[in-house]
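First up is the structure itself, then whatever we jot down about it.
The values are calculated or read from the model by the stated rules, or taken from the named source; none is laboratory data. Everything numeric in this text was worked out from a predicted model, so none of it was measured. Cβ: placed from backbone, ideal geometry, glycine included. Neighbour counts: every protein chain shown.
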Amino acid sequence: MGGSPLRILVVGAGIAGLAVARALRLAGFRPDVTDKLPPGESTETGLYLPGNAARALHRLDLHDPVRPLGQVIHRQHFFDAAGAHLCEVDLDTLWAGVGECRALPRADLHRVLLSGAGGAVRHGAEVRTLELLPGAVGVTFTDGTTTEYDLVIGADGPRSSVRALAALGGPPRPVGQVVYRAVLRDGPPVTEWTALLGQRSGFLMVPIGAGRLHLYADEAGTEEPAEPLARLRELFADYRGPVPEVLAALDEVHVGITDEVELGRWHRGRVLLVGDAAHATAPTLSQGAAMALEDAVVLAESLRAANSVDAALVAYESRRRPRTRWVRDRTRDRNRTRDVPPALRDPLLRGRGGRIFGEHYRLLLGPL
């Protein structure tokens, strides 16, 4: 169906939505892209892209504009809370032949994707209703305008309104993690991916270029603290390594509750979910953006190869489900490893941690 005049709506202008729009444009389609939020600066956070994300960016013909951004990450280092070394993962070896691992500001990747998608996003356009028609979808926006599309793609995150409107599933399920994110300028000289693991909590630092560090920390819980920075300093007060210097330099941190989305199906009629709207997991494996980029590549390929939209959606879901299921299951595995008491966990990681953590990505090394 490549080059056909399909009327396609992409709902959501984050990484998933813009990646889908880019992939569709490369395949000869011209989708509309809407987002319920007004344009503006998003929360400043960093992003770590494993090798399979780099491969997907190649397929989207966006690798060159991303290459100057952020920093290539060669190794992952794991320590206990006292700063004693546990294990490491050689990322160059793990992802050899797939792609390099990179950390960068999320806003930088968003700008590249926005340009690649054509730059035209209708902001402030929230979908109010979806009507599943024979071979089409009627869309009514909150401003009262109504349009009919051949395909509506919900790329609007774990709390997807498209998912609810199309009766594809309810709210996401909290996984029991409170997460803290920040970007620190002129912090301690952390040059590689560095994580300290404690008792049901962890603190991660990743350089993202220009002297900046992406900080990610989590703890078991279901409620956001009233004072996130004070809670972060309290929680990690006994951690060693670079953590004390980082905590002293921080003046702002963003907090949230981690959700998971697990659905029986991703499409109904001509409505399809992609990215976190379909298969959000905890960020433990750093696969959220990578899965969204892969989704975009496979969806465009499926639409181009199939002789109908309905056949394309079936083919897309059958290809993507095994990989996203693997990520979900391995994420749960790693979270369980983290939750093992350090007295039992740390000797295991010192002996086999590199192999265990590397194994979590095995399926993702293969073709999409």
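Within the stretch 85-97, the set of residues being outside any strand (DSSP E or B) and either loosely packed, with under 15 Cβ neighbours inside 10 Å or at pLDDT below 95 (or both) comprises Asp92, Thr93, Ala96, Gly97.
If we keep just the residues of the stretch 58-84 that are of a type in the set (Val, Ile, Thr) and free of Cβ contacts under 8 Å to residues at least 60 places away in the same chain, which is surrounded by the most Cβ atoms within 10 Å (Cβ to Cβ)? Give the derivation first.
Taking the stretch 58-84 first, the residues of a type in the set (Val, Ile, Thr) are 66, 72-73.
This time we only want the ones that are free of Cβ contacts under 8 Å to residues at least 60 places away in the same chain, so: 66, 72.
On the way: Val66: 20, Val72: 15.
The qualifying residue surrounded by the most Cβ atoms within 10 Å (Cβ to Cβ) is Val66.
Condition (residue is touching an Asp or Glu at 6+ places or on another chain (Cβ under 9 Å) and under 30 Å from Arg212 (Cβ atoms)) applied to the stretch 93-104: is it met by at least one residue? Within the stretch 93-104, one or more residues are touching an Asp or Glu at 6+ places or on another chain (Cβ under 9 Å) and under 30 Å from Arg212 (Cβ atoms).
Scan the stretch 98-129 for residues that are under 22 Å from the mean Cα position of the chain (by Cα) and assigned to a loop (DSSP other than H, G, I, E, B) and report the count. Show your work before the answer.
Residues of the stretch 98-129 under 22 Å from the mean Cα position of the chain (by Cα): 98-119, 121, 123.
Retained after the next criterion (residues that are assigned to a loop (DSSP other than H, G, I, E, B)): 98-100, 117-119, 121.
Final tally of qualifying residues: 7.
Of the residues making up the stretch 1-8, at least one is among the hydrophobic types (A, V, I, L, M, F, W, C), farther than 26 Å from Tyr216 by Cβ, at pLDDT below 95 and in contact with a helix residue (DSSP H, G or I) (Cβ under 6 Å, 6 or more places away or on another chain).
Just for strands (runs of 3 or more DSSP E) wholly inside the stretch 1-84: which have at least 1 residues that are among the hydroxyl-bearing types (Ser, Thr, Tyr) and under 20 Å from the mean Cα position of the chain (by Cα)? It would help to see each step written out before you state the result.
On the way: elements: 8-11, 32-35, 46-49, 71-73, 75-80.
Hits in the stretch 1-84: 32-35, 46-49.
If you scan the stretch 132-154, which residues turn out to be within 17 Å of Ala167 (Cα to Cα), surrounded by 12 or more Cβ atoms within 10 Å (Cβ to Cβ) and out of contact with any helix residue (DSSP H, G or I) (no Cβ under 8 Å at 6 or more places or on another chain)?
Residues of the stretch 132-154 that are within 17 Å of Ala167 (Cα to Cα), as a first pass: 132-134, 136-140, 151-154.
Now narrow it down to the ones that are surrounded by 12 or more Cβ atoms within 10 Å (Cβ to Cβ): 132-133, 136-140, 151-154.
Across the stretch 132-154, the qualifying residues are Leu132, Leu133, Ala136, Val137, Gly138, Val139, Thr140.
Yes or no, residue by residue, for (1) at pLDDT 95 or above; (2) in a strand (DSSP E or B); (3) in contact with a helix residue (DSSP H, G or I) (Cβ under 8 Å, 6 or more places away or on another chain); (4) within 23 Å of Ala220 (Cβ to Cβ):
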position	(1), (2), (3), (4)
Gly241	yes, no, no, yes
Pro244	yes, no, no, yes
Thr258	yes, yes, yes, yes
Glu262	yes, no, yes, yes
Arg265	yes, no, yes, no
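Taking the stretch 167-182, which residues are in a strand (DSSP E or B) and hydrophobic (A, V, I, L, M, F, W, C)? Passing the criteria: Val175, Val178, Val179, Ala182. Selection within the stretch 289-334: residues that are surrounded by fewer than 17 Cβ atoms within 10 Å (Cβ to Cβ) and of a type in the set (A, V, I, L, M). The member of this set that is nearest to Asp346 (Cα to Cα) is Val314.
For the stretch 270-278, indicate whether the set of residues that are farther than 16 Å from Phe78 by Cβ and over 19 Å from the mean Cα position of the chain (by Cα) is non-empty.
Within the stretch 270-278, the first condition is being farther than 16 Å from Phe78 by Cβ, and the residues that meet it are 270-278.
Subsequent filtering for residues that are over 19 Å from the mean Cα position of the chain (by Cα) retains 270-271.
Yes: one or more hits.
Screening Ala248 against (1) in contact (Cβ under 8 Å) with a residue 12 or more places away in the chain; (2) outside any strand (DSSP E or B) leaves a single unmet condition, (1).
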